[in-house]
Amino acid sequence: MQKLSDRKIQNSATISFDMVGCKLNKYELEVMRTQAQKLGLIPVNGVQSDVVVINTCSVTNEASKDSRRMIHRYRRENDSAYIVVTGCYSQTDLEEVKAQGADLILSNFEKEKFFDFIRVDIENLDLKDNSFTTLLNTVEFQSRPFLKIQDGCDAFCSYCIIPRARGRSRSISRTEVLEQVNRLSRIYPELVLSGVNLGQYEDGEGYGFLHILQDMVKIPTLKKIRISSIEPVDVTDELLDFVLGEPKICRHLHIPLQGAENNLLTQMRRKYTIEEYTNKLQRIKRHDPSFCLGADVMVGFPSEDSSVFDAAMKNLEAMPLDYMHVFTFSSREKTVAERMESLNTPQQRKERNRLVTELSHQKKKKFLESQLGKVLPAVVERSGESSFQKALTDNYIPVILEKSSDDLSLQSVSVRITELGSDKVFGEIVRDCKD
Ligand code: SF4
């Protein structure tokens, strides 16, 4: 924690939140928002609030730049605000953040104790309930809560700043996780398990990710659980046996591939081959062709010359993936890849990103076409004023539904996919789904 000014916060001050980055950052922002409400602060949107909390990211150069711009903009447009900066960028570039006028900087390890750090600066604080555990238990989520069970990573891929920004892997105890699942599953029909590297979950020797999953699905109120992302090395035969046979686990896995060619994978220090990765995908698709498979793919890694990229494209074309999130390599300080000579140009990186993105669109289209007319389990999201509602199927298709007369928000339903628009999928509710 770095306190950089003497500014105080008035009782019942307004507070706004902004962020750059991943789902984990979003989850942590929700935790902080709930804690702020417990402190009597009033959440609002926009720049002109009394307190501003910015959750930053530094996973790519772009993310660092966006984080820097965001802090700068808030300070420029609201000189009197009490600005709290947290997240990976404030961890990796602390001196830069200090120079931008933050009042309080919290590390990644400190942000979930936001409550404790900020309360000391609130004048005349009148707290009725100051238990941190109670606060964690009352986080409000829009539609599906992200349950963070693990943080940090021990893998040290050659391009990645995460082990430095978020530290080594650590896990929430199984007792706490199961208590949270028990409580949240009474309210929400679907929970999303999240972490920086979920496969590294561990609560004592021999108790890993598979074991926490096995214990979770025994909770009678749990309807569906979605695994946000899992590294290829952790998709073991044993884990797949369980996931494919367990109806409470959503039929969707996001398995980061990153390098789509074997030499690339070696240079990236990723510990699997294209053949091993592809075999896992094929096994899943053989079991269930409607199971949705996604991946992160990186283009422009230093050792990716034209022939390596051509081979990577061929591999990607052949893989039974349904979508890809495409990233362009950006050199991060103090990583192994920072010292590698680049065999590609900015122009080539841009073009490769475009080509893989285009391939991803084609794969997604093909997957959606294969689902047309199918009836799929889904969860309806909380709806606003519009006459449409959105639902997400268990195999990760966002579907637009005409709003029914009953409020189906946060309900498990069955949805038939009726129409594919250019970038939207339409459907209808078939019947209430009680499972
Ligand atoms: S697995 Fe590799 S890419 Fe993913 S967070 Fe860990 S070090 Fe980074």
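The values are calculated or read from the model by the stated rules, or taken from the named source; none is laboratory data. Here the structure is a predicted model, which means the values were calculated and not measured. We place every Cβ from the backbone using ideal geometry, glycine too, and count neighbours over all the protein chains shown. Areas reflect the complete protein model, heavy atoms only, side chains present, ligands, DNA and RNA absent. Shrake-Rupley method; radii C 1.70, N 1.55, O 1.52, S 1.80 Å.
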>> From the list ASP237, ASP241, ASP215, ASP154, exactly one residue is within 27 Å of ASN61 (Cβ to Cβ), of a type in the set (Asp, Glu), open to solvent by 40 Å² or more (accessible area, probe 1.4 Å) and not assigned by TED's automatic domain parsing to the domain that holds LYS23. Which is it?
In response: ASP154
> Any residue at all in segment 257-267 that is of a type outside the set (A, V, I, L, M, F, W, C) and in contact with a strand residue (DSSP E or B) (Cβ under 7 Å, 6 or more places away or on another chain)?
Replying inline: yes
>> If the requirement is being outside the structural domain of VAL196 (by TED's automatic domain parsing), buried (at least 17 other Cβ atoms within 10 Å of the Cβ) and in contact with a strand residue (DSSP E or B) (Cβ under 6 Å, 6 or more places away or on another chain), which of these qualifies: SER64, SER90?
In response: SER90
>> Condition (residue is in contact (Cβ under 8 Å) with a residue 60 or more places away in the chain, within 16 Å of the ligand (Cβ to nearest atom) and not in a loop (DSSP other than H, G, I, E, B)) applied to segment 188-195: is it met by at least one residue?
In response: yes
> Only one residue in LYS285, LYS248 is more than 16 Å from the ligand (Cβ to nearest atom), farther than 25 Å from THR328 by Cβ and within 23 Å of the chain's Cα centre (by Cα). Which one?
Replying inline: LYS248
> Checking GLY199 against (1) part of a loop (DSSP other than H, G, I, E, B); (2) modelled with pLDDT of 95 or more; (3) closer than 24 Å to CYS57 by Cα, which single condition isn't satisfied?
Replying inline: (1)
> Can you tell me which residue in segment 254-274 is nearest to the ligand (Cβ to nearest atom), limited to those that are open to solvent by 10 Å² or more (accessible area, probe 1.4 Å) and either in contact with a Pro (Cβ under 6 Å, 6 or more places away or on another chain) or without any contact (Cβ under 8 Å) to a residue 12 or more places away in the chain (or both)?
Replying inline: TYR272
> Taking segment 196-216, which residues are farther than 14 Å from ASP151 by Cβ and of a type in the set (D, E, K, R)?
Replying inline: GLU205, ASP215
> Mind checking which residues of segment 122-151 are modelled with pLDDT under 85 and surrounded by 15 or more Cβ atoms within 10 Å (Cβ to Cβ)?
Replying inline: ILE122, LEU135, LEU136, VAL139, PHE141, SER143, ARG144
> Can you tell me which residues in segment 14-43 are open to solvent by 50 Å² or more (accessible area, probe 1.4 Å) and farther than 26 Å from HIS254 by Cβ?
Replying inline: GLN37, LYS38, ILE42
> Does THR221 count as within 16 Å of the ligand (Cβ to nearest atom) and either of a type in the set (Gly, Ala, Ser) or surrounded by fewer than 17 Cβ atoms within 10 Å (Cβ to Cβ) (or both)?
Replying inline: no
>> Can you tell me how many residues within segment 143-180 are within 11 Å of the ligand (Cβ to nearest atom) and among the aromatic types (Phe, Trp, Tyr)?
In response: 2
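If a residue has to be open to solvent by less than 90 Å² (accessible area, probe 1.4 Å) and more than 22 Å from the chain's Cα centre (by Cα) to count, how many in segment 344-362 make the cut?
The qualifying residues number 9.
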>> Restricting to segment 1-13, and then to whatever is surrounded by 14 or more Cβ atoms within 10 Å (Cβ to Cβ) and touching a Phe, Trp or Tyr at 6+ places or on another chain (Cβ under 7 Å), can you tell me which residue is modelled with the highest pLDDT?
In response: ILE9
>> Going by what's in this entry, would LEU253 be described as farther than 26 Å from PHE109 by Cα and aliphatic (A, V, I, L, M)?
In response: yes
>> Cβ contacts < 6 Å: first residue polar (S, T, N, Q), restricted to segment 302-330; second residue open to solvent by less than 20 Å² (accessible area, probe 1.4 Å), any location; separation 6+ or different chain. Result?
In response: ASN315/ALA260; ASN315/ILE274; THR328/VAL299; THR328/GLY300
>> For segment 366-383, which positions are open to solvent by less than 50 Å² (accessible area, probe 1.4 Å) and part of a loop (DSSP other than H, G, I, E, B)?
In response: GLY373, GLU381, SER383
> If a residue has to be within 16 Å of THR14 (Cα to Cα) and modelled with pLDDT of 90 or more to count, how many in segment 43-74 make the cut?
Replying inline: 7
> Conditions: (1) at pLDDT 90 or above; (2) closer than 26 Å to ILE225 by Cβ; (3) in a loop (DSSP other than H, G, I, E, B); (4) of a type outside the set (D, E, K, R). LEU410 meets all but one. Number of the miss?
Replying inline: (1)
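Within segment 267-284, is there a residue that is assigned to a strand (DSSP E or B), in contact with a helix residue (DSSP H, G or I) (Cβ under 8 Å, 6 or more places away or on another chain) and not small (Gly, Ala, Ser)?
Taking every residue of segment 267-284 in turn, none turns out to be assigned to a strand (DSSP E or B), in contact with a helix residue (DSSP H, G or I) (Cβ under 8 Å, 6 or more places away or on another chain) and not small (Gly, Ala, Ser).
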